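Right, one structure below, let's go through it.
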Amino acid sequence: MNLLCLVLLSMLIIGSFAVVTKNPGVVNIGAVFTLRSINGRVAKIAMDAAVQDVNSDPTILRGRRLNLSVHDSNYSSFLSIIGTLRFMEIDTVAVIGPQSSVMAHILSHLANELHIPMLSFTALAPSLSPLQYPYFIQTAPSDLYLMTAIVDMVDYFGYKEVTAVYTDDDHSRSGVIKLGEKLAEKQGKISYKAAVLPEPLPTRKDIQTALLKVRSKESRVIVVHTYPRTGFTIFDVARELGMMTSGYVWIATTWLSSVLDSNPTLVNSSSVLGVLTFRPHTPHSTRKQAFESRWNKLTNASIGLNPYGLYAYDTVWIIANALQKFLDEGGKISFSNDSSLSAIEGHSLNLKALNIFDGGEKLLGNILHTNFTGLTGPVAFRSDDRSPKNPSYDIINLMVSGYKQIGYWSNHSGLSVVSPETLFTKPINVSRLNQRLKNVVWPGGTSHRPRGWVLPNSERPLKIGVPNRVSYKDIISKNDANASKIEGYSVDVFVAAIKLLPYPLPYEFILFGDDHHNPNYNNLVAQITSNVFDAVVGDIAIVTNRTKMVDFTQPYIESGLVVVVPARRLNSSAWAFFQPFNPSMWLVTAVFFVVVGAVIWILEHRTNDEFRGPPRKQLATILWFSFSTMFFSHRENTASTLGRIVLLTWFFVVFIITSSYTASLTSILTVQQLSTPITGIESLVLSNLLIGFQIGSFAENYLRDELNVPTSRLRQLGSPEEYADALERGIVAAVVDERPYIDLFLSSYCKFQIVGQEFTKSGWGFAFPRDSPLAVDMSTALLTLSENGKLQKIHDKWLKRKFCSLQNSEEDSDQLQLRSFWGLFLVCGVACLAALAIYLCLTVRSYKRFSRNSLESYNEDGDQPSSSIRATTTSERIKRFLSFADEKADISRNKLKRKQMESGLSSSQRMDFTRRYYGSKRIQAATLSSVRDF
C-alpha cells in the first residue's frame, strides 16, 4: 500500500496547486465525497448545516470561523487523491472522508505522514485498523458490528450457512471476511462467495453469471454487501432468475436502508420484497426531530435524511469541539515542512507545499476523548479499538407497501424488540434466550420461515445408503417378502424424523452389502465422501475415524462396547452354611455359649429356683439356657443384677454374630460365581484368551488400535448363533460387541452374561456429508422424537428384550436353591429321626411294662382279662399300642394303679372305691381349671 501511495504521489503531485492565502481567523477542514451519490449529497448538506451552526456560535473556536472545502471525487480514486493532496497543501487541520474504504486505505498514509486527522462515517471497513492508521477515525459503527448483527440474526433464524454476494474491492471484501469469522464463532460458515466487479457499474451479464452460480448452491441465505447501484442491479437480475421467490432469504447491508430513507423512489418493491436490511440506529430526541424539520427546508424535499446525514453533522461538531479544546489549552494552528519531502530534489514536483500539522497529534487526542450528545445520540469513542460506543442497528423488513421495523441489534443486548437506549440502562444480556424479533415477511410474500437451503440437485431424491445386514435384522434389513422394502428399528427412526422436518424431503434407500455377510461400516460411511450416497442410515456408531469423513446427527440410541462370557455357575457346597465362620470362630463361639451359661448359673444359683435342683437338671439348664440365647428363646428368668448385666452384654455379642453370619451366608449363596476368570475388559486384555467380535463392527479397530490386542487373538463372528457356538465350544473366551446387539443376543441365549462395565461411550447416528444442513435439521427432529416419547415407542417395538425361554430354569435363577441347604436339612432331619427313635423305644418299653402289670393284676383278682388284653393277633396288638400311645402318660399309670388297688376289695368296696377315686379326680380337674382361668 505504501508503494502504491508513492507511485500515485509521483504521478499526481504537480506544481500548479493554487496557493490559498493563510487567514489566521479561519480554520480549514476538508471533505472528500462523491456528490452524485446519495450519501455524498446527504453528507454535504448536513456538513454545511453543521459548519453554519458552529460559525453562528461565537463561544466556539474563540472567534475563529470554520471553513469547509468539499471535493467531489466523482466515483474516481484518482480525483479522491488529488482532492486530499489539495487539502494537505492549504494547511487543513482535518479531513472528513473519504467516502470509500478503498481510498481510506491509501489516503490514511498521507494523514499519518502529515499528522492530519481523517474522520469518516462511510468508510467503515473492519480492516482499517487504528494500529496501522492512527490518524484515521471511523465516526460511525464499523462494519465489524454490522457483520456481527447479521450473524446474530442468521443464528436467530437457525441458519448455519450463507452465501455472500459482494463487490470485489477492499471495502466489501474485508466485510465478508469478518462475516465468515463471526459465523465461525456460531458454528456457521460462508458456503460460497460470489464476487462481482467493482464500480464503475458491472454489467448485468456479469451479475447474472455470478447469480447463476449462487442458484446452483445449497445455501439459500444470501448476504449482499455492495454499493447501491450494484445492489439494485443484483436484485433485479435475481428477480428475473426466479431467486426472489419463497425459499430464499436475502439480507442487504446498510446500503439499502440509506437509499430507502433518502430516495425511496429508486426502490423497486417487486425486486426487494421480503429483503432484510440494517440501518444505523439513532435514538429519537428533540434535537434530532428539530433537525429533521429543518432538513426539508435545507433540501426543498429533494432528498430524504438518512442516518449518515446525522453522522456527517456530528462529525463536524466532533472536529469543532476538539479544536475548541485545543485552542483553550493554548494550542496554536501551525504547520511545518516535512524534511523527508524537502530532501527530494532533481524534479519539478512541488512537495514543499505539503506541510505537517504541528498540533495534529494533540488534536487527534482531543477527538478521541470527545464526549457530547449529538443528533446520533451520545458521541464518544471506545478506548480499545477507537470505535463509537454502543453501536446499534435497526432491522428492517421490506414489504410491498414500504417497510416495517422488526427489531434492533446492539452489542449490549443482541437482538431485541426494545430500543437499545432503553436496554443500555440494564445489565448486559446477550443470551440466546433473550433474543427477540417481530414476524418477518419473506421473499414471495410468505410468513413461513424458509428452510434456507436446498439439495444441489433438488429434482432427484436423496440417495440413502443402508447396510444389508444378515444378522440382527430387527435393527435394519430388507423385507423377506418384499426385497425392495427396507425395515427395522433404524429405518423407523429415520422415517419418523423425516416427517418432522418443516419441508418435504424425497429419498430412496439403497442397500450396501453382498447379502452374505454384514458390510464393513467404515466402507459404507466412506461412500458419502465418494458421492455415491447422500446419506447413510442404520446402526452407524459415531466414532472418531468416521467423524473425520462425515457429519453425524444427534445419537438416537446410546451404545457402548461390553464383554460377554459364558455364565456357568459353580455348584454351591451342601455345607455352605459353615463357610461364614472358620473353625476357630465356630469353636470360640461354642465355648463362649457354655461359659456364659455357666456364669449365669453361678450368679443365679443361690437366689433363683429355676437354676436349682439335682445336678443332672442343673447341667441341662446351663446348656439349654446358654444355647437358647442364640435365638433369644430362653425360658429362665434372671433375678440378680449382675446376671442381667452379663446377659445384656451377651445379647449384644449374639446379635452381632448372628447378623454377620446372616450377611456372610447371603453373600455366599447369592453372589454369582462364574467359571471364567474374566471379570471385565481389563482382565480380558491382560489374558491371552481369544476374543470374538462382529464382522463390520468398529470393535475390531478399537481392540486392535486402542487396546493393543494382537490381531492373532481376534476372531470374526457373523451372527448370534456363531456367538453362542463359539462361546460354548470354547473357540473364544469372550465376545466384545455393542450393547444393543448384546441385549438382543442375551434375550435368546440365557447361558451367557455381561461382565464388567461398558468401556466406551458412543451412540448410533445418521451420517451426512460434511457441513450438510440436513444433519442439523435431523438432529432437531431426533430430539423432538425423544421428547415426545415416540423414539422410546419405536425402541420398544423392535428392541425390547423378550423373556428368555430358560429364564425361569433352576440353573439360571438367582433364587436360593435347595442344593445349597440340604446338608443343613440333613442335620436337622437326623436330629429329628434320632429323637423319634428314642421316643419310640421309650414308649414301647412303657407299653410292655403297662401290659405286663395289667395281666398280673387281673390274674391276682381272678377276673378274666378283656378281649383287648387277650388279643394275640398283630393288628389287635397294633391297635392296643396306638391306643396306649394316644393316652396321656399319667392316665395309663393311674389305670394300672387303680386296677392293682381294686384287686384286694370286695364288690361293694370296689364300687365305693371307684366312686371316691373318680370323684376326687373330678374335683382336682375342676380346681386346676379354676386356677388356669384365674
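Against the test of being buried (at least 18 other Cβ atoms within 10 Å of the Cβ), over 27 Å from residue 157 (Cα atoms) and not polar (S, T, N, Q), the options 303, 222, 318, 234 yield a single qualifying residue, 318.
Any chance the range 279-286 includes a residue that's open to solvent by 60 Å² or more (accessible area, probe 1.4 Å), under 29 Å from residue 439 (Cα atoms) and outside any helix (DSSP H, G or I)?
Looking only at the range 279-286, we keep the residues that are open to solvent by 60 Å² or more (accessible area, probe 1.4 Å), and these are 284, 286.
Of the ones still in play, those that are also under 29 Å from residue 439 (Cα atoms) are 284.
Now restrict to residues that are outside any helix (DSSP H, G or I): 284.
Yes, because at least one residue in the range 279-286 is open to solvent by 60 Å² or more (accessible area, probe 1.4 Å), under 29 Å from residue 439 (Cα atoms) and outside any helix (DSSP H, G or I).
Screening residue 421 on (1) surrounded by 16 or more Cβ atoms within 10 Å (Cβ to Cβ); (2) acidic (Asp, Glu); (3) touching a helix residue (DSSP H, G or I) at 6+ places or on another chain (Cβ under 9 Å) shows it passes everything except condition (3).
For the structure I just gave you, tell me whether residue 729 is under 22 Å from residue 465 (Cβ atoms) and surrounded by fewer than 20 Cβ atoms within 10 Å (Cβ to Cβ).
no
Restricting the range 778-801 to residues that are outside any helix (DSSP H, G or I) and without any contact (Cβ under 8 Å) to a residue 12 or more places away in the chain, the residue that is least open to solvent (accessible area, probe 1.4 Å) is 789. Among the residues here, residue 704 qualifies as open to solvent by 60 Å² or more (accessible area, probe 1.4 Å), in contact with a Ser or Thr (Cβ under 8 Å, 6 or more places away or on another chain) and modelled with pLDDT of 90 or more.
The rows are residues; the columns are (1) open to solvent by 20 Å² or more (accessible area, probe 1.4 Å); (2) at pLDDT 85 or above; (3) farther than 22 Å from residue 176 by Cα.
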{"site": "72", "(1), (2), (3)": "yes, yes, yes"}
{"site": "79", "(1), (2), (3)": "yes, no, yes"}
{"site": "99", "(1), (2), (3)": "yes, yes, no"}
{"site": "116", "(1), (2), (3)": "no, yes, yes"}
{"site": "124", "(1), (2), (3)": "no, yes, no"}
{"site": "128", "(1), (2), (3)": "no, yes, no"}
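A count restricted to the range 136-189 and to residues that are in contact with a Ser or Thr (Cβ under 9 Å, 6 or more places away or on another chain), farther than 30 Å from residue 369 by Cα and of a type in the set (Ser, Thr, Tyr) stands at 4.
Keeping to the range 440-461, report how many residues are in a strand (DSSP E or B) and at pLDDT below 90. Before the answer, list the steps.
Here is the first cut: in the range 440-461, the residues in a strand (DSSP E or B) are 442, 446, 453.
Subsequent filtering for residues that are at pLDDT below 90 retains 453.
Adding up the residues that qualify gives 1.
Under the condition of being touching a residue at least 40 places away in the same chain (Cβ under 8 Å), assigned to a loop (DSSP other than H, G, I, E, B) and over 36 Å from the mean Cα position of the chain (by Cα), the residues counted in the range 199-218 number 2.
Just need a number here: residues in the range 452-473 that are of a type outside the set (A, V, I, L, M) and either touching a Cys at 6+ places or on another chain (Cβ under 7 Å) or buried (at least 19 other Cβ atoms within 10 Å of the Cβ) (or both). So that I can check it myself, show each step before the final result.
First, pick out the residues of the range 452-473 that are of a type outside the set (A, V, I, L, M): 452-453, 456-461, 463, 465, 467-469, 471-473.
Adding the requirement that they be either touching a Cys at 6+ places or on another chain (Cβ under 7 Å) or buried (at least 19 other Cβ atoms within 10 Å of the Cβ) (or both) leaves 452-453, 465, 467-469, 471-472.
Total meeting the criteria: 8.
If you go through the range 708-732 and keep only what is touching a strand residue (DSSP E or B) at 6+ places or on another chain (Cβ under 6 Å) and either of a type in the set (S, T, N, Q) or in a loop (DSSP other than H, G, I, E, B) (or both), you end up with just 732. Exactly one residue out of 129, 80 is more than 30 Å from residue 372 (Cα to Cα) and not acidic (Asp, Glu): that is 80. Look at the range 55-80: where a residue is at negative phi and among the polar types (S, T, N, Q) and a partner is open to solvent by 60 Å² or more (accessible area, probe 1.4 Å) and not in a helix (DSSP H, G or I), sitting 6+ places away or on another chain with Cβ atoms under 7 Å, you get 55/65.
Out of everything in the range 177-212 that is over 22 Å from residue 236 (Cβ atoms) and among the β-branched types (Val, Ile, Thr), what residue ends up being surrounded by the fewest Cβ atoms within 10 Å (Cβ to Cβ)?
This residue is 177.
Somewhere in the range 250-265, is a residue under 26 Å from residue 164 (Cα atoms), hydroxyl-bearing (Ser, Thr, Tyr) and surrounded by fewer than 19 Cβ atoms within 10 Å (Cβ to Cβ)? Within the range 250-265, none of the residues are under 26 Å from residue 164 (Cα atoms), hydroxyl-bearing (Ser, Thr, Tyr) and surrounded by fewer than 19 Cβ atoms within 10 Å (Cβ to Cβ).
Write out, first by first residue and then by second, each pair whose Cβ atoms fall under 7 Å of each other, whose residues are 6+ apart or on separate chains, and whose first residue, in the range 364-393, is in contact (Cβ under 8 Å) with a residue 40 or more places away in the chain while the second is among the small types (Gly, Ala, Ser) and surrounded by fewer than 20 Cβ atoms within 10 Å (Cβ to Cβ). So the pair list comes out as 370/380. Would you please name the residue that is most open to solvent (accessible area, probe 1.4 Å), looking only at residues in the range 866-887 that are of a type in the set (Lys, Arg) and at pLDDT 60 or above? Checking each candidate, the answer is 879.
Restricted to the range 487-588, the set of strands (runs of 3 or more DSSP E) holding at least 1 residues that are among the charged types (D, E, K, R) and surrounded by fewer than 19 Cβ atoms within 10 Å (Cβ to Cβ) comprises 507-512, 557-559.
The values are calculated or read from the model by the stated rules, or taken from the named source; none is laboratory data. Please read these numbers as outputs of a predicted model, since none were measured by experiment. Note that we place each Cβ from the backbone using ideal geometry, even for glycine, and neighbour counts take in every protein chain shown. Keep in mind that these areas ignore ligands, DNA and RNA; they rest on the heavy atoms of the full protein, side chains included. Shrake-Rupley method; radii C 1.70, N 1.55, O 1.52, S 1.80 Å.
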